[in-house]
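The values are calculated or read from the model by the stated rules, or taken from the named source; none is laboratory data. The structure presented is a predicted model; accordingly, all values stated were derived computationally and were not measured. Cβ atoms come from the backbone with ideal geometry, glycine included; neighbour counts cover every protein chain shown. SASA here: full protein model, heavy atoms, side chains in, ligands and nucleic acids out. Shrake-Rupley method; radii C 1.70, N 1.55, O 1.52, S 1.80 Å.
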Amino acid sequence: EAAPEKDVIAIIGTGNVGGALGSRLALAGYTVIYGTRKPEEEKIRALVSRSGRTASAALPAAAAAKADLVFVAVPWRTVEEVIPSLGSLAGKIVVDTTNSAAGKISGTSAAEMIQSWATGAAVVKAFNTISAKIMADPGLAKGPVTVPLAGDEKSAKMRVAKLVEALGFEAYDVGPITNALVLEA
């Protein structure tokens with residue numbers, strides 16, 4: 001019997017969060033495509049190299065097009081222009097790792113804003129409550145690390161929970177996407 005096929009994951013952003021999540025997911029056996037404006041840049045090639053043989057880099061829209069799950073790991077100030085630049089995300093799971101103070105002012109979470117921009121995608125808020133250092137090495141926490149998940153589609157949250165657990169964290173479903181506002185605070 002063949003092993004179940006693992007999801008293809010686009011990591012949009014190659015900073016601390018994108019690099020930590022991408023390299024760990026690739027080493028866990030997932031196909032990871034880093035979405036970056038400069039896929040040929042030396043530091044990106046180094047990131048791909050240390051992420052193992054299932055990792056590659058491409059322009060953001062190309063990475064998103066090939067992926068089942070699209071992780072948004074860019075600074076919040078760039079998200080509103082990045083999401084539309086990725087092309088259609090319909091039918092994909094978008095994992096929002098961002099934090100924004102915008103929700104405190106507007107009463108709408110970053111995850112809900114992304115949901116409104118990513119037409120047809122299932123948005124799941126995850127990984128925004130832990131540092132990139134813990135993402136890279138959960139052992140630094142010296143105990144279990146829980147990753148809260150907020151989203152409206154149960155099947156999408158279950159797929160993200162599987163990734164969370166593959167990285168050695170505990171997934172905890174905190175309900176609908178509107179609860180992301182609490183996680184972002």
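Please give the contour-minus-distance gain from A90 to L140: 0.36 nm per residue of separation, less the Cα-Cα distance, rounded to one decimal in nm. Walk me through the numbers on the way to the answer.
Details: separation 50, 0.36 × 50 = 18.00 nm, distance 3.68 nm.
Gain on stretching A90 to L140: 14.3 nm.
Across the chain, the mean sequence separation of Cα contacts (distance under 8 Å, 6 or more residues apart), normalised by length, yields a relative contact order of 19 percent.
Given the -39500 (n - 2.57) contribution per DSSP H run of 4+ residues, what per-residue ellipticity at 222 nm results for the chain, rounded to the nearest 500 deg cm²/dmol? Spell out each step's value before the answer.
Values: 9 runs with 74 residues, N = 185.
That calculation yields -11000 deg cm²/dmol at 222 nm.
For the stretch 80-185, the set of GluC sites (Glu not before Pro) satisfying both a DSSP loop assignment and a count of at most 16 other C-beta atoms within 10 Å is given as E153.
Just tell me, in residue order, which DSSP H segments of the chain are both 24 angstrom or longer along the helix axis (alpha-carbon based) and at least 1.0 in mean Kyte-Doolittle hydropathy. Provide the component values of the computation, followed by the final result.
Working: long enough: none.
Length and hydropathy pass: none found.
Of the residues A62, A90, V48, the one whose Cα sits farthest towards the positive end of the charge dipole of the stretch 1-90 is V48 (charges of +1 on Lys and Arg Cβ, -1 on Asp and Glu Cβ, taken about the Cα centre).
Over the stretch 1-83, with every protein chain in place, what whole percent of the accessible area is carbon and sulfur at 1.4 Å, could you tell me?
Numbers: 2130 of 4290 Å².
Carbon-and-sulfur percentage of accessible area, whole number: 50.
Whole angstrom only: what separates the Cα centroid of the stretch 100-130 from the Cα centroid of the stretch 136-170? Result: 17 Å between the Cα centres. With a cut-off of 9 Å between beta carbons, the residues surrounding L69 carry a summed charge of 0, where Lys and Arg count +1 and Asp and Glu -1.
Can you give the accessible area per residue of the stretch 77-185, in Å², using a 1.4 Å probe?
Details: 5210 Å² over 109 residues.
Per residue, the stretch 77-185 has an accessible area of 48 Å².
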